[in-house]
Amino acid sequence: MRSVRPLRVDDWSGATADRLLCSLKGRRHPKHKISLIPSRKAIWPGLTLLFVLAAATYGLLVGGQVASFYGQARDGVEALAVAAGFGVKQIVVQGQTHTTDSEIKAALKAGPSTMMLDFDTEGAKARLEAVPWIRHAQVMRLLPSTLQVVIEERAPFAVWQSGGKTYVVDEAGTVLSPAVREAYSDLPLVVGAGAAKNAPALYDTLKPYEELRDQLIASVRVGDRRWTLKLKSGVEILLPDDNVADALKTYTNVERNRGLVGDNIAAVDLRLADRVTFRLRDIRAPRVIAVQPAPPPNEMPTAATKGMPPKSAVSKGST
């Protein structure tokens, strides 16, 4: 007969003992849990590898190698795209009158080696609108190789002379470009500091006075406070700081009644509301008048000697 050794709980491992006790008591053993936390021996190799990778990445970043690798890869992709026909080959511009081709090309920063698929249209729009002549711009990509540019230009309003130089400006006083007066002879000429930004208000006031505008050569801004109008006749009209419309009405009435144009008037001063002051031209300059030389006193004819022959022709007489 086989001997039976009684089982002792301490002969089993902890997990086996737990299962045995649960089976004797008629209960299910709880599920076995597996720990995911590695042991310390397994952590050290991983930390070492991670440290090496971090150090290598830091070295590449500090040395600029990552950016260099990225740039080379990007250049390669762009070159392939351009070779496949996706480079900028044509630029179509609408609305261009005063803006030069060189200004548009410089603002677009696009050429045959520029990849269409990666072209920044918003950046190009911002650069175009920084060009003085361009008020608004729109840039579109027309695949595979065309850029379409639509611009709205500022309208030239006047020629502004300041500091011995001339510029063309818009109605807001924005300097659009240097200008030669003869190239914009149809635009009004304004002179002096502050003239460019204040000219629209002046010429708006002058609209009802067409005859005066036709006679106007230049509008000079004085002390950035008021205007002096220079006419073709040489007359200067000194306008006040304010109430310019009333002063112009006064001038037209005076001119109509007195006929200033062509008279001996150099300037009409309208700076005071209750009076009009005239400055005359200088009439004190000597005039040269040609005259015949006077004869000697002893040969001047008298009533008694008129019709008589000259002394040299009269005989002394005979006895």
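The values are calculated or read from the model by the stated rules, or taken from the named source; none is laboratory data. Remember, predicted model here, so these are calculated numbers, not experimental data. All Cβ positions, glycine included, derive from the backbone under ideal geometry; neighbour counts span all protein chains shown.
Per the listing 176, 202, 212, the residue uniquely in a helix (DSSP H, G or I), in contact with an Asp or Glu (Cβ under 9 Å, 6 or more places away or on another chain), surrounded by 13 or more Cβ atoms within 10 Å (Cβ to Cβ) and not β-branched (Val, Ile, Thr) is 212. Restricting attention to region 215-232 and to residues that are over 16 Å from residue 186 (Cα atoms) and basic (Lys, Arg), the residue that is surrounded by the fewest Cβ atoms within 10 Å (Cβ to Cβ) turns out to be 225. When residue 115 is tested against (1) of a type in the set (A, V, I, L, M, F, W, C); (2) within 22 Å of residue 179 (Cα to Cα); (3) in contact with an Asp or Glu (Cβ under 8 Å, 6 or more places away or on another chain), just one condition goes unmet, and that condition is (2). Restricting 183, 195, 179, 172 to residues that are under 22 Å from residue 100 (Cβ atoms), in the same structural domain as residue 217 (by TED's automatic domain parsing), among the small types (Gly, Ala, Ser) and touching a residue at least 24 places away in the same chain (Cβ under 8 Å) narrows the list to 172.
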